[in-house]
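Here's the structure we're looking at; comments come further down.
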Amino acid sequence: MAEENTTVQEKTKNIFELDPERLATTDAHGNRVYLYPEDVKGPWKDRRHLFYWFLMVIYLVTPWIYHKGKPLVQIDIFNREFTFFGNTLHGVEPIFMFLVVISSLFFIAFMTSLFGRVWCGWGCPQTVFIQGLFLKIEKLVEGNARKRRDLDRGPWNAEKIIRKSIKWIIFTAISLHIAHTFFGYILGPREVLRMSMHNPGDNMGVFIGVMILSGIFLFDFGWFREQFCIIACPYGRMQSVLMDENSLIVAYDQKRGEPRRGQVPREQEGDCINCYNCVKVCPTGIDIRRGTQLECIACTMCIDACDNIMEKLKRPKGLIRYSSENELKGQTRKKITPRSVIYVTISLAFITALTVFLSTSSNLNFQFYRGAEAPFQIVDNGNGTKTIVNHFTMKVTHQGSETHIAELEIVEPTLKDKIQIVTILKPLKFDKPEVKTPIFFKFDPKILVNGKLPLMLNVKQDGKVTSTLEVPLVGPAQ
Ligand code: SF4
Ligand code: SF4
């Protein structure tokens, strides 16, 4: 699995006997040791891969499905609109995001306190895409772990060039699709598809964003892999805070396994025959027999690998299994602990606050879109004076189900009698979550500076100013 290290002693030793002083993915000089995890068959793998396919459909297909004219899921951060299964939350405010993020974090903490790193092994896109897709393709194109290692170490002959090219072309295509889907979650998939049909220069920002993201996915899923979990992922670092001795972990039963084969006379041996199969299959390269480690992503590969050995030896399965530290010590595992109660209570408190916020929030969110015709019209008043007209579509959104009445007030007192605001809504009454209505600004061209005026408007509800917005008025440069 791991490349041999560079010192003479290390070249002669079992490469699966890991150095206790350093990471399994680092050699004596601190260089990365590339891993070639072996494949394994078993019920845990079958369950996980079935779940990976389910998640990949959710991650990659969901935003491309439309319901009631909108994507099933869209997180439009630019227009502050979130759509879930045909329902759109408009004018999403920072407090909403804060409540969603905090309640989610505490919910993850709650799940971790009960089930350990179940997210890492079963749900994280990093694991899902690498285990469920990229490694499968790699195995298909380059062969099993031994062949992949030999190929990497071998010279750049025709076979190596062809196999590597095929693999990286497929990886690139998948990374591009994942990046486009990611942008589809934000901009809407039809918009992304429309942009991708045009010259990249027409949507340069999005084009650069998609290319950068594709490159990140390609680098991470194709090469960086377990290094992200070990080095970069903050969630992995927080395990010790989130878990306790009752949390479910993938663990080796030391009492049953030790002393392992080769260390004592045969009759004193435990059940571990020191075959290293659990190490060979581990995607982060660790030896689970050394106890719970930060690098373990609870992927269950070692459970299947060891169960297969136990089956062949006609010994009970479960030398490596889902367990807790208390169970391994012979004590009962508490399913509900003070830690998990605290986490779930905080999470529920924030979810309640979120629900109350959504049902009672009365703030209106205004957006002005300039009309499709010329940016302004000049009206001759017939008395030697002219009036400039700017036409916009005013989109007003709000959360909750109540009707709201608002006023627009010009902030600058000297402009109040110089600008006329004309709407067909009198008063400005909003009885739907989203209302679009035309609005006209009529004014004397003399108030413009270089043909422009950033007009500041107060939005007033129940006599109170709830927000201030800027409307860019334009006219002929004087
Ligand atoms: S797979 Fe099982 S028997 Fe083999 S080394 Fe690991 S724990 Fe021991
Ligand atoms: S120790 Fe086992 S569960 Fe943990 S990452 Fe390695 S194979 Fe997966």
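Taken together, the values in this text are just the output of simple stated rules run on the coordinates, not laboratory data. All values derive from a computational prediction rather than experimental measurement. All Cβ positions, glycine included, derive from the backbone under ideal geometry; neighbour counts span all protein chains shown.
Inter-label distance, Q268 to T352: 5.9 nm, where each label sits 7 Å from its Cα along the C-beta direction.
Stretched out fully, how many nm does the piece from N79 to K464 gain, at 0.36 nm a residue minus the Cα gap?
136.2 nm
In a reduced charge model with +1 at each Lys and Arg Cβ and -1 at each Asp and Glu Cβ, segment 365-474 shows a dipole moment near 140 debye about its Cα centre. Only lysines eight or more places from K45 in sequence, or on another chain, were considered; those with a Cα closer than 22 Å are K136, K139, K147, K280, K312, K314, K317.
Globularity index of segment 173-268 is 1.88 (Cα radius of gyration / 2.2 N^0.38 Å, N = number of residues). Here each label is just a point 7 Å from Cα along the line to Cβ, and for L425 and H198 those points are 2.9 nm apart. About its Cα centre, segment 20-83 has a charge dipole of approximately 280 debye under the convention of +1 per Lys or Arg Cβ and -1 per Asp or Glu Cβ, with nothing else charged.
In percent, what relative contact order does segment 365-474 have, based on Cα pairs under 8 Å that are 6 or more apart in sequence? Write out the running numbers ahead of the final one.
Values: 213 pairs, mean separation 31.1, N = 110.
It rounds to 28 percent for segment 365-474.
Considering all different alpha carbon pairs of segment 22-128, the Kirkwood hydrodynamic radius works out to 17.6 Å.
Quick one: Debye curve from the C-alpha atoms of the chain, no solvent, what's log10 I(q)/I(0) at q = 0.11 Å⁻¹? Normalising to I(0) and taking log10 leaves -1.03. Protection proxy ranking for 39-45, 331-337, using the average of other Cβ atoms within 10 Å per residue and placing the highest first: 39-45, 331-337.
Here the contact order of the chain, divided by its residue count and restricted to Cα pairs under 8 Å and six or more residues apart, works out to 15 percent.
So what is the calculated 222 nm ellipticity per residue for the chain, using -39500 (n - 2.57) for each DSSP H run with n of 4 or more, over all residues, to the nearest 500 deg cm²/dmol? Working shown, then result.
Values: 17 runs with 182 residues, N = 478.
Helices in the chain give a 222 nm mean residue ellipticity of -11500 deg cm²/dmol.
Distance between the pseudo-spin-label points of V61 and V411 (7 Å out from Cα toward the beta carbon): 4.9 nm.
Expressed as a fraction of 2.2 N^0.38 Å, the rule-of-thumb size for a compact globular protein of N residues, what is the C-alpha radius of gyration of segment 128-229?
On the way: Rg = 16.0 Å, N = 102, 2.2 N^0.38 = 12.8 Å.
Relative to the 2.2 N^0.38 Å estimate, segment 128-229 comes out at 1.26.
Compute the angle between helix 94-115 and the longest alpha-carbon principal axis of the chain, please, reported from 0 to 90 degrees and rounded to the nearest 10. Helix 94-115 sits at roughly 10 degrees to that axis.
Sorted on the mean count of surrounding Cβ atoms within 10 Å across their residues, most packed first, peptides 292-299, 225-232, 156-163 read 292-299, 225-232, 156-163. Cysteine residues of the chain whose Cβ has no partner cysteine Cβ closer than 4.7 Å: C120, C124, C229, C233, C272, C275, C282, C296, C299, C306.
Among residues other than S165 with Cβ under 12 Å from its Cβ, the summed charge is +2 (Lys and Arg +1, Asp and Glu -1).
When Lys and Arg each count +1 and Asp and Glu each count -1, what net charge do the other residues less than 15 Å away from F207, Cβ to Cβ, add up to? Here the charged neighbours net out to -1. Based on the convex hull around the alpha carbon atoms, segment 378-478 presents an average projected area of 7.0 nm². Can you grab the distance from the C-alpha centre of segment 257-327 to the C-alpha centre of segment 100-147, Å, no decimals? Taking the Cα centre of segment 100-147 as reference, the centre of segment 257-327 is 21 Å away.
Measuring nothing but alpha carbons in segment 297-435 and taking Rh as the Kirkwood radius, the Rg to Rh ratio lands at 1.44. Take each peptide in 180-188, 48-56, count the other Cβ atoms within 10 Å of every residue, and average; sorted highest first, the result is 180-188, 48-56.
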